[in-house]
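Where a number appears in this text, it was derived from the coordinates with a stated rule and is not lab data. Please read these numbers as outputs of a predicted model, since none were measured by experiment. Note: ideal-geometry Cβ built from the backbone for every residue, glycine included; neighbour counts use all protein chains shown.
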Amino acid sequence: MSFRVPGLDGFLLSMLGAIALALAFPVFGTSTGPLHMGWLATIGIGLVFFLHGASLSTEYLREGAGHWQLHLFVQTSTYVVFGLIGVSVSLLARGLLPQTLLNGFFYLCVLPSTVTSSVALTAVAHGNVAGAIFNATLSSLIGMVLTPLLISLWLHTSGHGLSLESQIIGIARELLLPFAVGHLLHRRLGPWLQRNSRGVGLVDRGVVVLIVYNAFCDSTSAGLWHQYSALALVGIAAMSVTLLGSVLSLTTFASRRFGFNKEDEITAVFCGSKKSLAVGAPMAKLLFAGSASLGLIVLPLIIYHQAQLFVCSVLARRYALRLAHAPPVR
């Protein structure tokens, strides 16, 4: 099985184009607008998670399941370390930045890791690919339950409570159910999806662009962007990029202190520092259903996603060059 680092330019340009279109002509892409984007986004979310489930190989999971220290490290980084950073920074920045943006920053911190880019970059860097597949998939499954719980607790403490029961029902119906049905059909669909992975990736990214477009149209129509200064948006962007640098440094340092070999270190760094836009955008659409602030909430995630792809692509090639020039083990 071969892996390729996802391209940066096409996806980035598509998202920037969708955001620009939403800012200029928001009426067409609102949830209740003439294009019925709310329904289209819901159908797209179900399709994406169905394809994720159908693509999941149980054999690859079994192959990577044995190294429990690595799995504990990655999941602790993804949810505990990120979560503590999210709480600390959001509390420190309270009053300096709008609460909606801070809610978006915390939401970023409690999302699962990516699947495709984590595995692809681990492969490019010559890391433990089986471990990356296991951890990225496990992270996504944990996140379908843990992320709604953590965001509900956070919003409750900040005075914006959401019904946890309705969130869990929504996640189960619109994410877990299509995922489970897809996985039951893995033996029939898996080989075809693997042969057509490029097309599946286009569907995946296309739905994310659709959700981002819909979210920004709703926020623009509600006039939210006029309520926030450019300085606040620059501030949340700086926080997101700084978060990436901090976690990359922390996971690299900690994995070496724990004595991981280079292959496991690569997996720990890439899987333990990533956040999934492919899961985060659809989940935000469900968790913050009907909120005109959705565009603001996903903004930190969009910035973090693009930064992690660029920085980790460079880092993966540096790892690969180091291993290529390392002296042979005797």
Item to check | Under 21 Å from K262, Cα to Cα: lysines that are on another chain or at least 8 residues apart | outcome: K274
Item to check | Karplus-derived HN-Hα couplings along the range 215-221 (A = 6.51, B = -1.76, C = 1.60, θ = phi - 60°), whole Hz, x at Gly and Pro | outcome: 5, 6, 5, 4, 5, 5, 4
Next on the checklist: Per residue of the range 75-89, what does 6.51 cos²θ - 1.76 cosθ + 1.60 with θ = phi - 60° give for ³J(HN,Hα)? Whole Hz please, x for Gly and Pro, Karplus curve as stated.
Outcome noted: 5, 5, 4, 5, 10, 7, 5, 4, x, 5, 5, x, 5, 4, 5
Checklist entry - How big is the charge dipole of the range 12-320 about its Cα centre, in debye rounded to the nearest 20, if each Lys and Arg gets +1 on its Cβ and each Asp and Glu gets -1 on its Cβ? => result 420
Item to check | Degrees between helix 9-24 axis and first principal axis of the chain (Cα, 0 to 90, nearest 10) | outcome: 10
Checklist entry - In deg cm²/dmol, rounded to 500, what helix-only [θ] at 222 nm does the chain give when every DSSP H run of at least 4 residues adds -39500 (n - 2.57) and the total is split over its residues? => result -24500 deg cm²/dmol
Next on the checklist: For a quick check: with amide H placed at 1.01 Å from N, whose amide H comes under 5 Å from G33's, ignoring anything fewer than 5 positions away on the same chain?
Outcome noted: G38
Checklist entry - By how many nm would the segment from T76 to A320 grow when fully extended, if each residue of separation counts as 0.36 nm and the alpha-carbon distance is taken off? => result 85.3 nm
Checklist outcome for this item: For the chain, the longest principal axis of the Cα atoms and the Cα long axis of helix 186-195 enclose an angle in degrees, to the nearest 10, of 90
Item to check | Cα-based helix-to-principal-axis angle, 99-109 vs the chain, degrees rounded to 10 | outcome: 20
Item to check | the chain - Rg and Dmax from Cα coordinates, angstrom | outcome: 19.3, 67
Next on the checklist: Along the Cα→Cβ direction, 7 angstrom out, place labels at V27 and I169. What is the inter-label distance in nm?
Outcome noted: 3.6
Checklist entry - Label points 7 Å out from Cα along the Cβ direction at A180 and T242: separation in nm? => result 4.3
Item to check | Gyration tensor (alpha-carbon) shape descriptor, the range 21-152, a/c threshold 1.5 | outcome: oblate
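Between L84 and Q227, take the C-beta separation as r, use R0 = 45 Å, and let me know the FRET efficiency to the nearest 0.05.
Approximately 0.90, to the nearest 0.05.
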